[in-house]
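Okay, structure first, notes after.
All of the numbers you see were taken from the coordinates with simple rules; none came from a lab. These numbers come from a predicted model, not from an experiment. Cβ placement follows ideal geometry from the backbone for every residue including glycine, while neighbour counts extend to all protein chains displayed.
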Amino acid sequence: METETRYGEFDPYDRAYPELADIYEYWCRKQGGQFAPSWADVNLVDLPAKAIPKVCVVDVSIDKTDFIYRFWGTAITGMHRYDLTGKSVLDLKPAPYANTIYQQYKSVYETKEPRGFLTEVPLASGLLAYYAVVRLPLSSNGRDIDMILSAEDHGSEREQLRDAFEKVIRDQE
């Protein structure tokens, strides 16, 4: 039986996640008066070096119904034990986790706004993993979202992220 993957939201500028807040600030600087910067405005090497392996970028599919990984950081490969570059978000495993991540991307796509998410991931071992992520829209034409940049924080202490997750869930109920 597959277990539900839960998530809550946080402010992308939340300094509890300084690396993510720094990436959000970088994104804000790159906006240049637009609602979102373009991919051409973003240079991954401008991000903190330790953050780049925890970054992924998705393309919005031509029919606007899917999100395809363009860039998949090496730390994300290490966490999942596979690489989804060129593949759909819906190829994530297990399926409930894929659906959760899809919904997060869809939320950013529909609102055209940056979002922060704390996600609880049930593992095959029965344990739970937690991570924080900011998802930041990108627009090549200044009107439509065509890509989304994400940066993850897997935390150095599992309990700290679990406690933050539980607080966000309680606050949203």
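Pairs of lysine residues in the range 19-173 that meet both criteria, 8 or more places apart or on different chains and Cα atoms under 16 Å apart, total 4.
Against the longest principal axis of the chain, how steep is helix 18-30, in degrees 0 to 90 to the nearest 10, with axes from Cα atoms? Around 20 degrees separate the two axes. Taking 37 °C and 0.692 mPa s as conditions, the range 1-132 diffuses translationally at an estimated 208 µm²/s according to Stokes-Einstein applied to its Kirkwood radius (Cα pairs). Taking label positions 7 Å along the Cα-Cβ direction at both residue 28 and residue 123, the computed distance is 3.5 nm, reported to one decimal. Would you be so kind as to identify which of 124, 13, 85 lies farthest towards the positive end of the dipole of the chain, taking Lys and Arg as +1 and Asp and Glu as -1 on Cβ and the Cα centre as origin? Result: 85, furthest along the dipole toward the positive end. Relative to the longest principal axis of the Cα atoms of the chain, the long axis of helix 95-111 lies at roughly 30 degrees. Using the Karplus relation 6.51 cos²θ - 1.76 cosθ + 1.60 with θ = phi - 60°, the per-residue 3J(HN,Hα) values for the range 121-134 come to 10, x, 9, 4, 6, x, 7, 10, 10, 9, 8, 9, 8, 10 Hz, with x marking Gly and Pro. Basic side chains Lys and Arg get +1 at the Cβ, acidic Asp and Glu get -1 at the Cβ, and with that the dipole of the chain about its Cα centre reaches some 280 debye.
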